[in-house]
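These notes are about the structure you will find just below.
Every number in this text was worked out from the coordinates using simple rules, so none of it is lab data. No experiment lies behind these values; they were computed from the predicted model shown. Cβ atoms come from the backbone with ideal geometry, glycine included; neighbour counts cover every protein chain shown.
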Amino acid sequence: MTTYFFEIKQCPACETQFSCMQVGSCNTFGAKFYTDGYVDGSMYDEPTVVAPCRNCEQVLWLDDLPTLEVLQDPYRIVGADGNRISEAHRFQPEDFESLLSERNWNNEVQETYVRIRAWWAASHKYRKLDDEDFTLSTEQRENLKQLLNLLSDDDPNDVIMRAEVLRQLGRFEECLATLGVRKEERYQGVVGIIQRLAIDRCVAVKEVVLEA
């Protein structure tokens, strides 16, 4: 079951108040996992991190804005004038490619967030296709090269993502060398899948199907 709560924020540019639907809890039962870290599940959701102002359309990073109020009941989301406060638009996958081209971020954490989701968006049309159909555009290849500079060498999840980026770029030996340093048992399933794909010289994004 997915539950939500609502944060009231205010645009610093035009002072319009808006509500943001945030995830209280969710799960990955029945979800599909992919080698690039994307999760596709009916009961899985991510928090709203960035949204455009509905009034002036400025891109707003929500962690940069103070939360004016937190509500559990959407019917209580009203302003001082008694009118309902509009809910923030949630960016769709294709919107992140626009954010990427516009370099719409304020720091490396936000840049990493945009680059990963622009990568996921570009990969969506390939998730169920054959290997020979997988192609990275020039823009996405450059995006992945820049993402390599942002991923941490210390975080296991970042290291695995780095290896996946290298694999999709066709840098198979670097991918295998990167994965060779990850020994934590809980990561061995996905590590093994990416390793096998790199050995097979496969660059396509793939669903992670772990052996029982």
(request) Using DSSP to define loop residues, name the chymotrypsin sites (Phe, Trp or Tyr not before Pro) in the range 1-105 whose beta-carbon has at most 15 other beta-carbon atoms within 10 Å. (result) PHE29
(message) From the helices alone, meaning DSSP H stretches of at least four residues, give me the mean residue ellipticity at 222 nm for the chain, per-run term -39500 (n - 2.57), in deg cm²/dmol to the nearest 500.
(response) -10000 deg cm²/dmol
(request) Place a +1 charge on the Cβ of each Lys and Arg in the chain and a -1 charge on the Cβ of each Asp and Glu, then give the dipole magnitude about the Cα centre in debye, rounded to the nearest 20. (result) 320
(request) Find me the longest stretch of the chain that has none of the exposed trypsin sites (Lys or Arg not before Pro), where exposed means in a DSSP loop (not H, G, I, E or B) with at most 10 other Cβ atoms within 10 Å. (result) 1-102
(message) Are there any GluC sites (Glu not before Pro) in the range 1-92 that are in a DSSP loop and have at most 11 other Cβ atoms within 10 Å? List them by number.
(response) GLU15
(message) What FRET efficiency comes out for ASN107 versus MET1 if R0 is 30 angstrom and r is the Cβ-Cβ distance? Round to the nearest 0.05.
(response) 0.35
(request) Go ahead and set up a Gaussian network model of the chain, Cα springs under 10 Å, then flag whichever of ALA121, ALA13, ALA88 fluctuates most. (result) ALA13
(request) First select every other residue whose beta carbon is under 14 angstrom from the beta carbon of LYS9; then total the charges, Lys and Arg +1, Asp and Glu -1. (result) -4
(request) Just flag the GluC sites (Glu not before Pro) in the range 90-159 sitting in loop per DSSP whose Cβ has no more than 11 other Cβ atoms within 10 Å. (result) none
(message) Under 5 Å between amide hydrogens, which residues at least 5 positions from LYS206 or on another chain qualify, with H placed 1.01 Å from N in the peptide plane?
(response) THR35, ASP36
(request) For the chain, build the charge dipole from Cβ charges (+1 Lys, Arg; -1 Asp, Glu) around the Cα centre, then report which of ALA121, PHE6, ILE193 sits farthest towards its positive end. (result) ILE193
(message) Using only Cα atoms and rounding to the nearest 10 degrees, what angle (0 to 90) does helix 156-168 make with the longest principal axis of the chain?
(response) 60
